[in-house]
1. Relative to the Cα centre, what is the charge dipole magnitude of the range 300-448, using +1 at the beta carbon of each Lys and Arg, -1 at the beta carbon of each Asp and Glu, and rounding to the nearest 20 debye?
2. Distance check, please: which entries in Lys91/Lys155; Lys245/Lys294; Lys114/Lys155; Lys91/Lys149; Lys245/Lys398; Lys294/Lys356 exceed 21 angstrom between their Cα atoms?
3. Can you pull a Stokes-Einstein diffusion coefficient for the range 300-448 at 20 °C (1.002 mPa s), Rh from Kirkwood over Cα pairs, as a whole number of µm²/s?
4. So if I restrict to the alpha-carbon atoms in the range 36-294, what is the Rg, and what is Dmax, the biggest pairwise distance, in Å?
5. Spin-label point model (7 Å from Cα, Cβ direction): what's the Arg52 to Lys91 distance in nm?
6. Sorting His216, His427 on the 10 Å Cβ count, fewest up front, what's the list?
7. For the range 53-80 and the range 354-368, write down the distance between their C-alpha centroids in whole Å.
8. Show me 119-130, 345-356, 382-393, 147-158 ranked by packing, highest mean number of other Cβ atoms within 10 Å first.
Amino acid sequence: MPSVRGVTAALGAIRGLLRPRRSYRELEGLEEISRAFEAMTDIRETYGRLTRRLAELVGCEKCVISLYESETREFVCQWPGYNVADELLKKVRYPADALRPAWNFRHRGPMVNKRPEEFNEEQRAFLRPFGVYNLTEIPLFHEGRFVGKISIANKPGGLSENDVRLVTVFAAQVAVVIQNAHLYRRLQESAAQLEAKVHERTAELEATYRELEASHARLREVDQLKSDFLGNVSHELRTPLAAIKGYVDNLLDSVAGPLADKPRHYLGRVRDNADRLGRMVSDLLDLTRIEAGKIELVPRALPVSDLVSEAVDGLRHVATERRVRVAVNLPPCPAVWADPDRVHQVLANLLANAIKYSPPGGQVAVRAGPDGDGLVRLAVEDTGPGIPLTERERVFDKFYQVGRVEGERPPGTGLGLTIARHLVELHGGRIWVEDGPGGGAAFVVLLPAAEGTAE
């Protein structure tokens, strides 16, 4: 028979062979729990994998993870567990204070291999549905804060010291996995809420856009009706206005007999106002035609000097009456490719405005020259009060006039610059206003140069 010493040596050798196998099993379990970090997109799947692997690692029949709610001071079982019905776990909220007589979880130490008879009646009533005959509780801490516990039950013979050590080591990782999984779930919930808000806001914006589009369509319709109305009224005014002007001219020409000075003076005022009204009607008709796209240009090569001279000559008497000097500076420059009537209308509007806003004794200057890139630059400068930066874009709006003082406004319709901009842009040019060299305003026009014209 072998000696006692020989049996002891054989058992030692067997234990030596089994120890690496057990260590390998522990490392394998550690690896799978570590892999839970990568598979934490679903919190329920995370709980299922962790409880199954922990139970298999130490050879237990049941395993459940519970989280601690500090607000209610309760343990809340998480599902799924291992070999415990989900329906049971979903109902469990266990008062933490009721567990204190058996285990003070805040001391961070595990409670090992407790049998049901070692618990008080309240604790046994809670454990009875789970069917346990021994129970080990391992606390979960995350960054020094108690977050829950691992409950492992029903291992024949109970957990060994090595089992407890192993589960305690794994508990630190389990706590991190659970916290990260909850963070991920909260991020998903926040993302879902944000997406819902974005959808809601998008729907609101789409509804607002539809309302704005409908309002814009109504405004376009109203604007078209207004333009049609102005066009019709202006057209209908032309006939009686022409008749009034014809009769006044006949009277002033003494067709009906000689006139005394006083009636002649009043008839002169009537003629001046009829001329002014005629200009207003013409402006309204021009604007309605432009906005309706009914203006057709007939461009040709036009010498700049001829255009400027014709516009200046047509307004020289007005400048003389206001005692405003008109200076023309025209160095050699290319001809422009433009409709002569429409460019004359633009220059006449700019000159009339410059003369109107220049004080008596002031000066209006007209300059021209090549601007490069196939363009010709025309500028009309005055010595008036100038135009503030905030109003330089608005002066081209319909019916807008600079210079309102205490409700008063300069004479005119406020359409001249609007028409000028439209006509310049129809030629493919640009118009804007800037500071004049003499402190007033300078209206600058760029028009395309006629091809093949020399400077």
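Just so it is clear, none of the values below were taken in a lab; they were calculated from the coordinates. Since we're looking at a predicted model, the values are computed, not measured. Virtual Cβ from ideal backbone geometry, glycine too; neighbours counted across all protein chains shown.
1. Magnitude of the dipole: close to 200 debye.
2. Lys91/Lys155; Lys245/Lys294; Lys245/Lys398; Lys294/Lys356
3. Value of D from the Cα-based Kirkwood radius: 139 µm²/s.
4. Considering the range 36-294 through its Cα atoms, Rg and Dmax are 45.8, 142 Å.
5. Computed distance between label sites Arg52 and Lys91 equals 2.6 nm.
6. Listing His216, His427 from fewest to most nearby Cβ atoms yields His216, His427.
7. When both Cα centres are located, 93 Å separates them.
8. Packing proxy ranking, top to bottom: 345-356, 147-158, 382-393, 119-130.
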